[in-house]
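Only one structure is covered here, and it is reproduced in the block below.
The values are calculated or read from the model by the stated rules, or taken from the named source; none is laboratory data. Worth saying up front: this structure is predicted, and the values here are computed from it rather than measured. In this analysis, Cβ positions are derived from the backbone assuming ideal geometry, glycine residues included, and neighbour counts consider all displayed protein chains.
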Amino acid sequence: MSLASPLLAIALTLIIGSLIFIALGKDPLRGLAMFFIEPVKTLYGVSELALKATPLILIALGLALCFRSNVWNIGAEGQFIAGAIAAGGVAILCGTDTGMWIMLLALITSVLGGIAWASITALLRDKFNANEILVSLMLVYVADQLLGYMVYGPWKDPNGYNFPQTINFLAQTRLPRLFDGLRVNYGLLIALIAVVVMWLVMFRTLAGYALQVGGLAPAAARYAGFSSRKALWATLLTSGGLAGLAGGMEVLGPVGQLTPYVPVGYGFAAIIVAFVGRLHPVGIVFSAVLMSLFYIGGELAQSRMGLPKALTGVFQGLLLFALLACDTLIAYRIKWERSV
Amino acid sequence: MNEIALLVAATLNAGTVLAIASLGLLINEKSGIVNLGAEGMMLCAALAGFVCVVHTGSDMAGFVAGMGAGAMLAAIFGVLVIWLNTNQYATGLALSLFGAGLSAFAGAKYVQEKLPERVHFSIPGLSDIPFVGDAFFKQHPLVYILILFTVALTWWMNNARTGLILKAVGENPESAHALGYPVRKIRLAAVMTGGALCGLAGAYISIIYTPLWVEGMIAGKGWIALALTTFATWRPVRVLLGACLFGGVTMLQFHLQGEGVQISPQWLTMLPYVATIVVLALISRSPTFIRVNMPASLGKPFYAQ
């Protein structure tokens, strides 16, 4: 039952996607091949897929925990940026003779950066009753400007021909790659470990259970003595930390420096990943791979078919719409009636 | 002196964008539905309006196109949340993400396009008054229409039968249903009206406010408009005041940059977003104050018995 809805939603998205290709005068089979066959034809392609899925998995894990306990953190993009800035700071300020341990420090800092950013939302929700949806989202724009300030200002590469970018990070701060010649790095392993840990927390610990009861039945949670304030802080800080880690791994991994173009919307796409993955850690892995296919497919559709890359965003939005509709249509039977 | 007049004029202009969208969302929320898709609707409407003006040369046609685009997207959202009872937050988010993607995709080839020469408006006679004329009487007609609309909306919601029904649906859909009102249709109408007004605001941005089309050009104004309904505790006149406050903050930023104030532009660009957070926190501080004014069924699904 819970699997039928995402599969049906994917099928629906593919059908609508084909119609879009036809409307644009393109061969729909070739179009869909760009999204589902071309990306995985080569080992390099698979590595790129894993590289994009890594941040999506990490962020979506945290968001799933939030959504399960009815905390609407939709500013993961901002927490991602905060993590990227934090990790970038460590990487820029370290000396040339530092050892590999600095990379670990940078990763930990990125987690703290994300936590700090999410804690603003938690604090304002807890102490000021401010809507977490609006606050976390506004903070995305603030984080974006903060990143802009750092790379245009204090952290600008002095030898960078005045481009808004920092120096290229030193080798010892970069996440090591898993295989020679492929960009996929140890971040993937961290993400997969996080999947297992999150599964254990959600389904095998009392604390994880308490968080979810608060989301499903607030009254029951109160009666059981599960604090909703604790749930708010725990879920927001966890998801902030994971999003921050994703940001840190992005700049220490494939990007290798800070630029205004580090945030590409993973924080928003991860919302869709979390829902399509049924807010379940294992489901999230699959939906993150699907979402990465959309990303890479969009790039391929641009370079090989001359379609705007933003096709990715259209598909992502369609998928979430389709999923939400399918959820209801599978659980309920439509009854046509007059009035109401 | 003249500087200040221009700042006031610019504030009104920026505030208008926020107020139109926010009043639409207010009507929307009065019916008990919260639509987080404002940003997406505004983006699509901005594109629709812009494209329409590029091809027809008529601003009016652009506004209508924007309203149509907004209402259509809102209708998709409305059917999903009202009839299929999907989660309002998730569906609204889907609309925002979808709208951002769709507008970027469909608008890719319009990024370089230019609109025909923009007309400058002024009210004959009044606009010649020193200071006051520059500050208040050289605005786009929509600015004045907005003020009339706000007054009319306040009256309508508090006195007209249909306005009271809308509020009843938002406060207690079960009772409204029991009384025989078509709750779902009323909600859909409110959602589509909200979409149309968000669309008008989006089109105003791409046609009048910054006459061009760029991907993501709404830059969070849809979200600020959503926050505005809460600041204003769902009262139209307060929406107008709040919109001017935020329009002022936005314009102050450009003004300070123009004055050559020694501060990085990024800090100034942050201002409206930070201001939104601060004001939201201050207003929301008393939960009872918010709850008294908030439509009681806001965000909750309605199942007809």
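Against the list (1) in a helix (DSSP H, G or I); (2) facing chain A (nearest Cβ under 10 Å), the condition B:Ala304 fails is (1).
If you check A:Val71, A:Val140, A:Val135, which single one turns out to be within 12 Å of another protein chain (Cβ to nearest Cβ) and not in a helix (DSSP H, G or I)?
On the way: A:Val140 fails: not in a helix (DSSP H, G or I); A:Val135 fails: not in a helix (DSSP H, G or I).
Answer to the selection: A:Val71.
Contact map, region B:216-239: first residue within 14 Å of chain A (Cβ to nearest Cβ), second residue surrounded by fewer than 24 Cβ atoms within 10 Å (Cβ to Cβ) and outside any helix (DSSP H, G or I), Cβ cut-off under 6 Å, separation 6 or more or different chains; the map is empty.
Restricting B:Val214, B:Val191 to residues that are in a loop (DSSP other than H, G, I, E, B) and either within 19 Å of B:Phe105 (Cα to Cα) or out of contact with any strand residue (DSSP E or B) (no Cβ under 7 Å at 6 or more places or on another chain) (or both) narrows the list to B:Val214.
Is it true that some residue in region A:146-157 is facing chain B (nearest Cβ under 8 Å), surrounded by 23 or more Cβ atoms within 10 Å (Cβ to Cβ), in contact (Cβ under 8 Å) with a residue 60 or more places away in the chain and out of contact with any Cys (no Cβ under 7 Å at 6 or more places or on another chain)? Checked against the condition, which is being facing chain B (nearest Cβ under 8 Å), surrounded by 23 or more Cβ atoms within 10 Å (Cβ to Cβ), in contact (Cβ under 8 Å) with a residue 60 or more places away in the chain and out of contact with any Cys (no Cβ under 7 Å at 6 or more places or on another chain), region A:146-157 yields no hits at all.
Residues in region B:110-120 include none that are within 19 Å of B:Leu6 (Cβ to Cβ) and in contact with a helix residue (DSSP H, G or I) (Cβ under 7 Å, 6 or more places away or on another chain). Being within 28 Å of A:Cys326 (Cα to Cα), at pLDDT 90 or above and part of a helix (DSSP H, G or I) holds for only one residue in B:Leu43, B:Leu18, B:Leu12, and it is B:Leu43.
Once region A:254-281 is narrowed to residues that are more than 14 Å from every other protein chain (Cβ to nearest Cβ) and of a type in the set (A, V, I, L, M), the residue that is nearest to the chain's Cα centre (by Cα) is A:Val262. Taken across region B:196-212, residues that are within 14 Å of chain A (Cβ to nearest Cβ) and either in contact with a Gly (Cβ under 9 Å, 6 or more places away or on another chain) or buried (at least 23 other Cβ atoms within 10 Å of the Cβ) (or both) do not occur at all. Which of the residues belonging to region B:251-300 are closer than 30 Å to B:Leu179 by Cβ, within 11 Å of chain A (Cβ to nearest Cβ) and either over 24 Å from the mean Cα position of the chain (by Cα) or outside any loop (DSSP other than H, G, I, E, B) (or both)? Selection gives B:Pro287, B:Thr288, B:Phe289, B:Ile290, B:Arg291. If you go through region A:16-56 and keep only what is among the polar types (S, T, N, Q) and either under 13 Å from A:Glu299 (Cα atoms) or touching a residue at least 40 places away in the same chain (Cβ under 8 Å) (or both), you end up with A:Ser47, A:Thr54. Within region A:287-307, is there a residue that is surrounded by fewer than 23 Cβ atoms within 10 Å (Cβ to Cβ) and not in a helix (DSSP H, G or I)? For region A:287-307, residues surrounded by fewer than 23 Cβ atoms within 10 Å (Cβ to Cβ) and not in a helix (DSSP H, G or I): present. Looking across region A:311-340, the residues that are of a type in the set (Gly, Ala, Ser) and crowded, with 23+ Cβ neighbours inside 10 Å come down to A:Gly313, A:Gly317, A:Ala322. Of all residue pairs spaced 6 or more apart or on separate chains, those with beta-carbon atoms under 8 Å, a first member in region B:85-113 that is more than 8 Å from chain A (Cβ to nearest Cβ) and a second member that is in a loop (DSSP other than H, G, I, E, B) and among the aromatic types (Phe, Trp, Tyr) are B:Gly107/B:Trp213; B:Tyr110/B:Trp213; B:Val111/B:Trp213; B:Glu113/B:Trp213.
Got a number for residues in region A:87-132 being among the hydroxyl-bearing types (Ser, Thr, Tyr) and more than 14 Å from chain B (Cβ to nearest Cβ)? First the steps, then the outcome.
Initial filter on region A:87-132 (among the hydroxyl-bearing types (Ser, Thr, Tyr)): A:96, A:98, A:109-110, A:119, A:121.
Pick out the ones that are also more than 14 Å from chain B (Cβ to nearest Cβ) and you get A:96, A:98, A:109-110.
Here the count works out to 4.
Within region A:298-324, being out of contact with any helix residue (DSSP H, G or I) (no Cβ under 6 Å at 6 or more places or on another chain) and without any contact (Cβ under 8 Å) to a residue 60 or more places away in the chain holds for A:Glu299, A:Gln302, A:Ser303, A:Gly306. Scanning region B:133-149 for residues that are assigned to a helix (DSSP H, G or I) and at pLDDT below 85, we see that the one that is nearest to the chain's Cα centre (by Cα) is B:Ala135. Looking only at region A:192-211, filter to residues that are β-branched (Val, Ile, Thr) and part of a helix (DSSP H, G or I); which one of those is surrounded by the most Cβ atoms within 10 Å (Cβ to Cβ)? Top of the filtered list is A:Val195.
Taken together, B:Val292, B:Val214, B:Val237 contain a single residue that is out of contact with any Pro (no Cβ under 7 Å at 6 or more places or on another chain) and modelled with pLDDT under 90, which is B:Val292. Scanning region A:3-45 for residues that are outside any helix (DSSP H, G or I) and surrounded by 12 or more Cβ atoms within 10 Å (Cβ to Cβ) yields A:Leu24, A:Lys26, A:Asp27, A:Ile37. Scanning region A:212-233 for residues that are closer than 23 Å to A:Phe268 by Cβ and crowded, with 21+ Cβ neighbours inside 10 Å returns a single hit, A:Leu232. You will find that of A:Leu175, A:Leu189, the residue that is touching a Leu at 6+ places or on another chain (Cβ under 8 Å), assigned to a helix (DSSP H, G or I) and at pLDDT 90 or above is A:Leu189 and no other.
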